[in-house]
Structures are given as structure tokens and as C-alpha cells.
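Colleague: The structure follows.
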Amino acid sequence: MPHLLLVDDDPEAIEWLSELAKAEGFSVATADSLRAARIHMSRLQPDIMLTDLQLPDGKGIDLVADLETRASTEVVMITGHASVESAVEALRLGATDYLVKPVDVERLKSILRRVPKTGELRAEIGELRDELRRLGRFGHILGSSQPMQKLYDQLGRVAPTSATVLLIGDSGTGKELAAQTIHDLSRRKRAPFLPLNCGAVSPQLIESELFGHEKGSFTGADRQHKGYFERAHGGSLFLDEITEMPQELQVKLLRVLETGQFMRVGTTTPISADVRLIAATNRNPEHAVAEGKLREDLYHRLNVFPIALPPLRERGNDIELLAQHFLDLLNKQESSTKSFAPATLAALYAHGWPGNVRELKNYVQRAYILADEVIEADLAPATVTAPDSASLLTVRVGSTLEEVSKRLIEATLAECGSKRKAADMLGISLKTLYNRLAAYKANEPAGEDDDTPPKPAASEGHRRAA
């Protein structure tokens with residue numbers, strides 16, 4: 001039977017919370033002060049601790065430091081004095097969830113119902129570490145370099161908790177795979193995991209996508225639509241490219257994170273959202289705040305447990321491990337036995353991989369198609385064999401950021417000849433690139449071929465010798 005420690009100096013709160021926890025199958029111990037709680041914890045570490053933020057002899061969050069193993073104990077703060085600052089402080093110090101008085105009973109029940117699986121999750125994470133030692137794999141992620149070992153440790157620690165996670169990394173580093181791994185190692189793993197790329201959805205539609213809408217709420221809304229928050233109930237929601245979300249919607253997202261409730265477009269009826277949020281960005285989030293791309297209050301609410309994903313160029317032997325993995329998959333799929341020449345592997349290590357794992361996977365697929373039995377170095381794309389080759393783009397001082405962005409995208413497309421490669425080089429998703437191109441095309445005369453990369457003016461760039 002899982003054990004719960006309830007710390008509160010309000011007798012009425014102690015009574016009804018104890019009854020609720022017992023009804024959910026917990027053994028319950030109570031304490032009315034930090035001192036009493038510490039005495040109990042020295043005898044038995046609880047599976048979950050519900051503690052008031054304000055206690056007669058201090059703050060309930062101070063108890064987190066007394067836990068022997070944080071990852072094995074849920075810490076849920078309960079307070080009647082809610083603020084964004086206090087919530088963020090509690091979560092940063094180790095709390096895994098935060099409830100405001102009067103407590104939402106259904107939300108508390110959903111938290112309690114996840115707790116008995118803590119032992120199972122610890123065992124599963126242990127098995128994954130064994131698999132990592134044998135195969136170089138952790139969850140959905142492949143790699144055994146030192147930077148990846150650090151990443152796996154962070155994923156393994158945060159996954160069993162309810163903490164919000166902010167994944168930071170260049171395009172192609174595997175942020176969605178990391179988010180999926182966090183979900184699969186959490187108590188929510190049997191509930192939905194829904195990913196949404198904020199940069200790939202029109203600003204006019206993203207609110208409806210997130211929160212849903214009622215029939216007739218706007219032109220074209222011919223039926224009720226359940227949004228991502230509603231469909232991910234009990235599970236995890238992964239919001240990629242969070243800095244591409246419109247500012248006015250960031251305010252509403254912050255409100256959902258604070259209250260656990262949202263409203264569909266076209267109604268004022270609140271709906272409870274029991275969803276764990278995992279956000280991601282390929283920007284420096286502090287720079288995004290300074291540039292006005294990300295609200296500072298939302299950043300602090302998301303940045304409870306930040307995780308940086310290493311670029312491929314810093315992952316050493318993982319380059320060869322991943323390349324061989326992608327080749328093995330192709331060989332199995334096509335019943336072939338193709339292999340890399342040693343010189344080819346050396347060329348892979350020499351490349352900077354600006355598109356990271358996604359770029360490497362694309363290269364292996366192309367090289368496989370071109371090779372007979374052995375993938376020789378002369379089959380490597382020019383960007384691998386000559387990484388120093390580049391073009392220069394000259395811009396006029398005083399140009400608008402929008403104009404510079406447009407010219408840079410056009411020049412990169414002309415250089416690469418491939419939208420996917422251009423997106424990797426620019427550090428944006430392919431969908432975001434398509435959205436930008438569509439916006440540019442809407443402001444230009446009709447008749448251009450969308451599949452033909454735009455050509456920059458001769459004065460805008462010149463070739464630098466390789």
C-alpha cells in the first residue's frame with residue numbers, strides 16, 4: 001500500500017484530505033509542523049507528500065531537502081496564497097505539482113492515482129540504463145557519448161515527476177524523441193502523448209488547435225472541436241517551437257498552467273486540464289525573452305526543469321553509431337548488406353552537421369541509394385567533403401528584420417537546392433520554412449513555381465573560395 005504524508009496545520013484540511021487519500025488506497029500519516037513531518041520522514045519515507053506552503057515553523061517546501069531520494073517521492077504543494085512566483089519557486093526547489101485552495105478534488109485524485117506506479121517506473125528506468133550499457137540506447141534515443149549520458153540522467157530524474165520541462169536544442173537534435181521518452185517513463189505513459197509544432201500552425205488557428213472550439217464560434221466552425229489540451233487529458237502535451245506562439249496566446253497558456261483550466265473558443269465554460277506540459281525551442285530562451293518572442297512570465301513557468309540537448313558535432317563516436325544504425329535499418333528493409341568505407345566514416349567525423357541527427361539520417365539514405373555495395377567517400381555530399389564552402393550575403397544597414405530574414409531564406413534555398421536541407425541550415429523546421437515561403441509568395445506576383453528555389457540578386461551574395 002503506498003504511503004502518504006499530509007503536512008498542514010489546518011485540522012479541517014487534515015481531516016478531509018486524509019479521508020480522500022484513504023479512499024484512494026493510501027496509508028496516511030499527518031503532521032502539523034516541519035518538526036513533526038521530519039520526525040515521521042526519518043522513520044518512513046512517503047511515496048507522496050502533500051504539504052501546505054505556509055507552516056507554523058517555516059515553509060513546507062523546506063521538507064524537500066530532507067527526502068532521501070527525490071525522484072521516488074511526489075511532493076505536492078498546497079496553498080491558499082497563490083502567485084506565479086510562489087508556484088515557480090516551489091517547482092524549482094523540487095515540488096512535482098502545485099494545488100491552490102480550495103483544492104480541485106478531481107485533479108488531486110488524478111495525482112494520487114499515478115503514485116502507486118513509482119516503483120515500477122524506477123525499475124523500468126533501471127532496465128533502460130542496462131540497455132544503454134549494452135546497446136547505446138535510452139528510450140527512443142540512440143547514443144552513448146558523455147554528453148548523452150548526462151542527458152539520460154536528466155531525463156531519468158525528471159520523467160517520474162510532474163514537473164514542466166523545457167527542452168533546448170538546435171533543429172534536428174531530437175527534442176521530440178526526448179519528450180516522448182519523458183512521457184514513456186512517467187506515470188502518464190498509458191495516456192496520450194500529443195506533439196504540436198507551434199511554428200507549423202497558422203496564428204489564426206493555433207488557439208483553436210490548443211483549446212478547441214464550439215460549433216459556430218467562427219466562420220467554418222461547423223462542429224465542436226476538441227483541442228490538444230482536452231485530447232491529452234491525463235497525458236503529456238509537447239509544444240515544439242514555443243517561441244513561435246503568438247504573444248496573446250502565450251498569456252492564455254500561462255493561465256492554463258497556473259489554474260489547470262482552459263476554455264474552448266466560443267464559450268466561457270472552464271474545462272479542467274490534467275496535462276503535463278513539455279515545451280521546446282531551438283532558440284536561446286533568454287534571448288527570445290529579450291527579443292519579445294517569449295513572455296518572461298511564461299518562460300519562468302516553463303523553465304522549471306530545463307534540459308539542453310547536445311548538437312551532433314559534440315557527440316563524438318555517436319556519429320558513427322547513428323550512421324551505422326540508419327544504414328542497418330535500410331539494409332534490413334531492403335535485404336542488402338551495404339557498408340561504409342573507412343574514408344567515408346572519416347569524412348563524417350570531419351563535418352560539422354549543422355542539421356544534426358536529421359541531416360545525418362538524410363545523408364545515409366541518399367548515400368545508400370547511390371552506393372553499390374560499399375559507400376565510398378566520393379558519394380558524400382559536398383557539404384560533408386567540403387564543410388568550409390559557403391556563400392556570403394550582404395545586407396544594407398537599416399534593412400528591416402523581415403527583409404533580412406526573407407533574403408537569407410532565399411539565398412540559403414538557392415545555395416542548398418533543397419527545402420529540407422535549407423531548413424536544417426537555418427535552424428528551423430521544414431513546416432516553418434514552408435509557412436515563411438507561403439507568406440512571401442502571397443506578397444509577390446502570381447506565376448512563380450513554388451518548387452523552384454528563389455534566386456537572390458547577384459549583388460546580394462558572392463561565392464567564397466573553398
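Colleague: What residue, among those in the stretch 197-225 that are part of a loop (DSSP other than H, G, I, E, B) and among the polar types (S, T, N, Q), is farthest from the chain's Cα centre (by Cα)?
Modeller: Within the stretch 197-225, the subset part of a loop (DSSP other than H, G, I, E, B) is 201-205, 212, 214-224.
Applying the additional criterion that residues be among the polar types (S, T, N, Q) yields 202, 204, 217, 219, 224.
Numbers: SER202: 20, GLN204: 23, SER217: 31, THR219: 32, GLN224: 28 Å.
Taking the candidates together, the pick is THR219.
Colleague: (1) in contact with a Pro (Cβ under 6 Å, 6 or more places away or on another chain); (2) buried (at least 22 other Cβ atoms within 10 Å of the Cβ): which one isn't true of GLU176, the others all being true?
Modeller: Unmet condition: (2).
Colleague: Give the residue, chosen from GLY235, GLY260, GLY227, GLY216, that is free of Cβ contacts under 8 Å to residues at least 60 places away in the same chain and at positive phi. Give the steps one after another, and end with the answer.
Modeller: Working: GLY235 fails: at positive phi; GLY260 fails: free of Cβ contacts under 8 Å to residues at least 60 places away in the same chain; GLY227 fails: at positive phi.
Result: GLY216 is the single residue among GLY235, GLY260, GLY227, GLY216 that is free of Cβ contacts under 8 Å to residues at least 60 places away in the same chain and at positive phi.
Colleague: What residue, of PHE229, PHE238, is surrounded by 18 or more Cβ atoms within 10 Å (Cβ to Cβ) and outside any strand (DSSP E or B)? Don't jump to the end; show me each part of the working.
Modeller: Numbers: PHE238 fails: outside any strand (DSSP E or B).
Exactly one of PHE229, PHE238 is surrounded by 18 or more Cβ atoms within 10 Å (Cβ to Cβ) and outside any strand (DSSP E or B), namely PHE229.
Colleague: Next up: Between a first residue in the stretch 287-300 that is outside the structural domain of LEU401 (by TED's automatic domain parsing) and a second residue that is aromatic (Phe, Trp, Tyr) and crowded, with 18+ Cβ neighbours inside 10 Å, which pairs have beta carbons less than 6 Å apart while being 6 or more apart in sequence or on different chains?
Modeller: So the pair list comes out as VAL289/TYR299.
Colleague: Looking only at the stretch 206-236, count how many residues are within 26 Å of VAL158 (Cα to Cα) and either in contact with a Ser or Thr (Cβ under 6 Å, 6 or more places away or on another chain) or basic (Lys, Arg) (or both).
Modeller: Number of matching residues: 1.
Colleague: Determine, yes or no, whether ASP62 is of a type in the set (Asp, Glu), surrounded by fewer than 17 Cβ atoms within 10 Å (Cβ to Cβ), at pLDDT 85 or above and not assigned by TED's automatic domain parsing to the domain that holds TYR299.
Modeller: Numbers: of a type in the set (Asp, Glu): yes; surrounded by fewer than 17 Cβ atoms within 10 Å (Cβ to Cβ): yes; at pLDDT 85 or above: no; not assigned by TED's automatic domain parsing to the domain that holds TYR299: yes.
So ASP62 fails the test.
The values are calculated or read from the model by the stated rules, or taken from the named source; none is laboratory data. Remember, it's a predicted structure, so these values are computed and weren't measured experimentally. Cβ: placed from backbone, ideal geometry, glycine included. Neighbour counts: every protein chain shown.
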